[in-house]
Amino acid sequence: MTKVSPSLLAADFLHLDREIEMINRSEADWLHLDVMDGSFVPNISFGFPVLEAVASMCKKPLDVHYMIVGPERYIKQTAKLGAMMMNVHYEACTHLHRTIQEIHDAGMKAGVTLNPALPVSLLEDIICDVDMVLLMSVNPGFGGQKFIENTLKKARQLRQLINVQGSKALIEVDGGVQEHTAPRLVEAGVDVLVAGSHVFKSPTPEQTIHDLKML
Ligand code: DX5
Ligand code: ZN
């Protein structure tokens, strides 16, 4: 069954407690948390004080997506939160293999994220070491953007790479996931759908999560 990881970026920040209660009640598999530093991406979201508050209340595993320069600086702090998955961007890490090892040593699963312009072939020598590949289907930094169609081709290429190498990595897609794009992504071999505005701006978010899971 498709996994769903709603992105808190689109939540009502004045009422995060209500939003997390909704996530806890829902069939969401994980909660996706977008950390931005205003340097790797042209926006700033939230940092550890917010992550800690969310972690204290959220019953779902945390899928943390770092859009920051040098994410290896925060591995220990992320593990301390109890995060399940730490996603780092390919070009944000000077020593990606070492960073993946350090994430594992800290007791978390490791995800590597590719921006829309980066080819899947960059992962040939790391695909068996990662637990997940996060394909960005928008340019990172903002919610509510238009889905980039080329992501479907990349998802198929990535599925092929994973199969050929016998990797156990999951494929997650992030950005512009909604009712028109989600079924095509699942058909292309995607395992985990991140959805921000589609879930949190929905009048019936729990039903929206259920519908994504049924794909
Ligand atoms: C964008 C973030 C996404 C964002 C997706 O930089 O990584 O997780 O919340 O938002 P939607 O689903 O609204 O495109
Ligand atoms: Zn994200």
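Laboratory data are not the source of any read-out in this text; all were calculated from the coordinates shown. The shown structure was predicted, so the numbers you read here are calculated from the model rather than taken from an experiment. Note that we place each Cβ from the backbone using ideal geometry, even for glycine, and neighbour counts take in every protein chain shown.
Calculated on C-alpha atoms, the gyration radius of the range 21-93 divided by its Kirkwood radius gives an Rg/Rh of 0.97.
Max-minus-min Cα coordinates of the chain on each principal axis give 42, 36, 29 Å, with the largest extent listed first. Stretching the chain fully between TYR90 and GLN160 yields a gain of 23.2 nm (0.36 nm per residue, less the alpha carbon separation).
Taking 24 Å as the limit for the C-alpha separation, the pairs LYS59/LYS109; LYS3/LYS76; LYS3/LYS146; LYS76/LYS201; LYS153/LYS213; LYS60/LYS154 exceed it in the case of LYS3/LYS76; LYS76/LYS201; LYS60/LYS154. Legend: calculated FRET efficiency, LYS201 to HIS104, from the Cβ-Cβ distance at R0 = 41 Å, rounded to 0.05, equals 0.70. Measuring spread by the Cα atoms of the range 147-209 yields a radius of gyration and Dmax of 12.8, 42 Å. Take each peptide in 85-92, 179-186, count the other Cβ atoms within 10 Å of every residue, and average; sorted highest first, the result is 85-92, 179-186.
Here the Gaussian network model covers the chain, with springs between Cα atoms less than 10 Å apart; of THR99, THR204, THR78, THR204 fluctuates the most.
Rg ratio for the range 1-50: its Cα radius of gyration over 2.2 N^0.38 Å, N being its residue count, equals 1.27. Considering only THR94, THR113, THR151, give the residue with the highest GNM mean-square fluctuation for the chain, with springs between Cα atoms whenever their separation is below 10 Å. Per the Cα network of the chain with a 10 Å cutoff, THR94 tops the list. Positive contributions from Lys and Arg (+1) and negative ones from Asp and Glu (-1), summed over other residues with Cβ under 14 Å from the Cβ of ALA188, come out at +1.
The DSSP beta bridges internal to the chain are antiparallel in roughly 5% of cases.
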